[in-house]
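Student: The structure's right below; bear with me while I get my questions together.
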Amino acid sequence: MKILIAVSLGFLLTLITLPLFLKLLTCAGATRPNYRGESIPVGMGLIFVFVYILVAFLLAYWAAGDLVLLVLFLVGVVFFALLGLLDDLLGSRENRGLKGHFGALLNGKLTTGALKALGGGAGALLISFISLPGRPWWEILTAALLVALAANTINLVDLRPGRAIKVFYLWFLILLAVFQDKLPLVLIAPLAGGLLACAPADLKAMAMLGDTGANLLGAALGMASVWTMTFPAQLAVVAFLMLLHLFTERYSLTMIIEKNRLLRFLDNLGRSK
């Protein structure tokens, strides 16, 4: 019931404020060409921060016995959103992928992508250290890797309208099916609701979640996973995400999806042509 209420609140608040927020982004010049070359608002995912702060008052009541997790989750959401916002507003498309960004860094050029990766890694490590007191260093490091990799994974897939949304919900629903009403899933529920309200604009390529939204949503999934999964399960997820990152450094995910009939169908589902 708590998850349903949190999802509904996130959805309603986002639905009410989204038109005003998109107009604000457009007037501020926060636009970028989409995959079709049309200039649309970018950084739509920043709305989740404001919505989450409003919903956090109710979550604080529910999490009265474990406010540390709520505060850490809120700080994580804001921090990863700001890292993504820097990339949305100041980032260049000249360097792509972790290899490109860290290659530029080795040549003395700091890109927003490298800053996002380094900052995200440090932030994930701090969140894991505080939220897992008394755990051995290898468990803390694994948790930090999971949060950081999850944040970048949603960025990796967010190359076409709706793709990040579908991956987010697949991950969220798996957690929900296995762990049901645990507190971390209650914490992430308002974001799931808010994302549902943003889905039409994203699927119709009218606005982009941007790195702001992708980074925030991925980090939220990572934190929820760390606080619900056993250590062996976390290791398995980290291994999978590492392999996915290595794979996408060499091959185009979009090309692979386009060549597979089922993946292409799922990728195009709900999308405006």
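Rule-based calculations on the coordinates, nothing more; no lab input. What you see is a predicted model, and the numbers here were worked out from it, not measured in a lab. All Cβ positions, even for glycine, are placed from backbone atoms using ideal geometry, and neighbour counts span all protein chains on display.
Student: If r is the Cβ-Cβ distance from LEU118 to VAL75 and R0 is 25 Å, what FRET efficiency results, to the nearest 0.05? Before the final figure, lay out each step's value.
Tutor: Values: r = 18 Å, r/R0 = 0.71.
Computed FRET efficiency for LEU118 and VAL75 comes out at 0.90.
Student: Give me the compactness ratio for the chain, meaning the Cα radius of gyration over 2.2 N^0.38 Å.
Tutor: Details: Rg = 17.8 Å, N = 273, 2.2 N^0.38 = 18.5 Å.
Against the compact-globule rule of thumb, the ratio is 0.96.
Student: Can you compute the charge dipole magnitude of the chain about its Cα centre, using +1 on each Lys and Arg Cβ and -1 on each Asp and Glu Cβ, nothing else charged? Give it in debye, rounded to the nearest 20.
Tutor: Details: 21 positive and 13 negative charges, 149 e Å.
For the chain, the charge dipole is close to 720 debye.
Student: Here's something else I'd like to know. For every helix of n ≥ 4 consecutive DSSP H residues, a contribution of -39,500 (n - 2.57) applies; sum these over the chain, divide by its total residues, and give [θ] at 222 nm rounded to the nearest 500 deg cm²/dmol. Before the final figure, lay out the partial values.
Tutor: Working: 12 runs with 207 residues, N = 273.
Rounded to the nearest 500, the figure is -25500 deg cm²/dmol.
Student: Quick one: if the Förster radius is 22 Å, what FRET efficiency do CYS27 and MET206 give, using the C-beta to C-beta distance and rounding to 0.05? Could the numbers behind the result be given before it?
Tutor: Details: r = 16 Å, r/R0 = 0.71.
For CYS27 and MET206, the calculated efficiency is 0.90.
Student: Put +1 on the Cβ of each Lys and Arg and -1 on the Cβ of each Asp and Glu in the chain; which of THR248, ILE5, THR153 then has its Cα farthest toward the positive end of the dipole?
Tutor: THR248
Student: Listing LEU266, LEU46 from the residue with the fewest other Cβ atoms within 10 Å to the one with the most, what is the order? Please report the intermediate quantities before stating the final value.
Tutor: Details: LEU266 15, LEU46 23.
Fewest to most other Cβ atoms nearby, the residues stand as LEU266, LEU46.
Student: Could I ask something else about it? Highest mean first, how do 56-62, 79-85, 113-119 rank when packing is the count of other Cβ atoms within 10 Å averaged over residues? Let's see the in-between values first.
Tutor: Details: 56-62: 14.3, 79-85: 25.1, 113-119: 20.0.
Top of the packing list down: 79-85, 113-119, 56-62.
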